[in-house]
Amino acid sequence: MIDGTIMKGIGGFYYVKCAADGNVYSCRARGKFRKDGLVPVVGDHVKIDVTDTEKLEGYVTEIFPRRNAFFRPPVSNIDLLLVTFAAKDPEPALDLIDKLTVTAVAQGVACAICINKADLDPGFAEKLAEEYRPTGFPVLICSAKEQKGIAELKALLQGKITALAGSSGVGKSSLLNAMGESFTLETGSVSEKIKRGKHTTRHTELFPLSFGGFVFDTPGFGSFEVEKRKAQDLSALFPEIEAHEGGCRFPGCSHISEPDCSVKDALEEGKIGKSRYDSYCSLYESLKDVKDWQI
Ligand SMILES: Nc1nc2c(ncn2[C@@H]2O[C@H](COP(=O)(O)OP(=O)(O)O)[C@@H](O)[C@H]2O)c(=O)[nH]1
Ligand SMILES: [Mg+2]
Ligand SMILES: [Zn+2]
């Protein structure tokens, strides 16, 4: 019995990298975890039973407890969710971006913001950064094309397992290439991808970074979902809103329509970004009717 990390899973095979010998074993699943309805996912720390030491084959027999788990895409044990978008081409969909940050906070995963393609509109990139600085998440302004912010990005990712989340065409693969990583990832123009009607990144796979750590590029947006939760709990998932909610007049203030709301005061004072607040309001609206039994 040895243990390792699932680097990728394709067609019922799990590729498990073993820390002790550095080998990657192709494994099928055959553990008691299957009775509990558990399916191995990329990022899982697992025990394997090696059946062929030459061909490097075996079975996954046990899944160690997960620190965190995501369903779409199915991955576990990530250290950082790097929410990536472009200043322009494609236009950032801030409501979707904020769903990603909310998901990260809800899972207890550190979150960072990467604004790419700053070369296309440096002023707007800076405005977007302003919107996210009050969150306390690290905010990077990058250009894969002009090698801007790449050193900072490397420093952020070093030694971590990072999920690169962001819609197709924002430059995730280009950023990885700009960091000089040897694994060559497919890049393609937005229009080419729309023409072909699919993403260039097809499956989830952990790639080792030459400077330490792992990264995977998630296949597209809407991949992460805000789980069912109570609307009253939502503010805790927006760090800059939570930081300002202590002074509201009404206990349980929704920070939307009540008077004497310290969150709305902070918004007026620019201590909370306008688009972040808008995302909060629309998410609040969508969660308002969630019943206790649905959570
Ligand atoms: N102007 C500019 N274009 C970029 C930048 N990064 C990526 N691109 C282009 O955007 C397109 C999509 O990039 P890609 O890395 O495939 O995006 P992904 O789908 O997120 O992996 C390609 O045509 C890239 O050349 C950047 O920083 N500036
Ligand atoms: Mg890509
Ligand atoms: Zn309030």
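The fraction of accessible area contributed by carbon and sulfur in the chain is 51 percent, rounded to a whole number (1.4 Å probe; ligands and nucleic acids excluded). For the set 126, 242, 268, the ranking by accessible area, highest first and with no ligand, DNA or RNA atoms included, is 268, 242, 126 under a 1.4 Å probe.
Here's how it looks for residue 205: its modeled amide H is under 5 Å from those of 217, which are all 5 or more places away or on a different chain. Quick check on my link table: of 8/55; 99/230; 55/160; 8/88, which ones sit more than 25 Å apart, alpha carbon to alpha carbon? Too far apart for the 25 Å limit: 55/160; 8/88.
Legend: translational diffusion of the stretch 1-110 by Stokes-Einstein, Rh = Kirkwood radius over C-alpha pairs, 37 °C, 0.692 mPa s; D = 213 µm²/s.
At a probe radius of 1.4 angstrom, the accessible area of the chain per residue rounds to 49 square angstrom. The listed residues 179, 1 rank as 1, 179 when sorted by accessible area, largest first, using a 1.4 Å probe.
To the nearest whole percent, what portion of all C-alpha pairs in the stretch 231-294 is separated by more than 17 angstrom?
34
Its convex hull of Cα atoms gives the chain a direction-averaged projected area, equal to a quarter of the hull surface, of 17.4 nm². Between the C-alpha center of the stretch 243-290 and that of the stretch 10-25 there is a gap of 47 Å. Projecting label points 7 angstrom from Cα along Cα→Cβ for residue 107 and residue 68 puts them 0.6 nm apart. Note on residue 265 and residue 2: the model spin-label points, each 7 Å out from Cα along the C-beta direction, lie 6.1 nm apart. In the stretch 2-65, one over the average inverse separation of all distinct C-alpha pairs is 11.2 Å, which is the Kirkwood hydrodynamic radius.
The values are calculated or read from the model by the stated rules, or taken from the named source; none is laboratory data. Predicted, not measured: the structure shown is a model, and the values here were computed from it. Note that we place each Cβ from the backbone using ideal geometry, even for glycine, and neighbour counts take in every protein chain shown. Remember, those area values only see protein heavy atoms, side chains included, never the ligands or the DNA or RNA. Shrake-Rupley method; radii C 1.70, N 1.55, O 1.52, S 1.80 Å.
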